[in-house]
Amino acid sequence: MKKNNHDDFDGFMINVFFDEDGDYLAHLVELPNVSAFGATPSEALSELKTAWELMKECYQADGEPLPQAPSRKGYEGPLNVPIDSQLYHALVDEAAKAGMSLYALVAQKLAKLTPVDDRRARGQ
């Protein structure tokens, strides 16, 4: 079951499913490390809300900016760029280790690339 509750979860997509241990697991799709269990879907969502609030407190206590949901970033849409398989697999692995989607990782990398960096990358 997928649900998008912008109010409680700051625009992040939520995935709730029944796991093999007989519990419901709820997690933020774009931040899969933020998750919670419950005996019912409602209980899992309630626990997830608590986990998200605690996670936000940790970010604030560490002086880190809160992650922003892709739905609130105002991007235009997909960008399909063919790349070779080795680069693709390296990016997929990096995204998985960072706990983010491939698209979020690529967008983050592109955002860091300034025109000055682009000229330097081309050897100019």
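Rule-based calculations on the coordinates, nothing more; no lab input. If you're wondering where the values come from, they're calculated on a predicted model, not measured in any experiment. Cβ placement follows ideal geometry from the backbone for every residue including glycine, while neighbour counts extend to all protein chains displayed.
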³J(HN,Hα) computed for each position of the stretch 44-57 - Karplus, 6.51 cos²θ - 1.76 cosθ + 1.60, integer Hz, glycine/proline x | 4, 5, 5, 5, 5, 4, 5, 4, 5, 4, 5, 5, 4, 4
Are there trypsin sites (Lys or Arg not before Pro) in the stretch 22-112 that DSSP marks as loop and that have at most 13 other Cβ atoms within 10 Å, and which are they?
-> Lys73
Classified through the alpha carbon gyration tensor (a ≥ b ≥ c as square roots of its eigenvalues; rounded if a/c is under 1.5, else prolate when a/b is larger than b/c, else oblate), the stretch 2-61 comes out prolate
Write out the chymotrypsin sites (Phe, Trp or Tyr not before Pro) in the stretch 8-103 meeting two conditions: DSSP loop, and at most 14 other Cβ atoms within 10 Å of their Cβ.
-> Tyr75
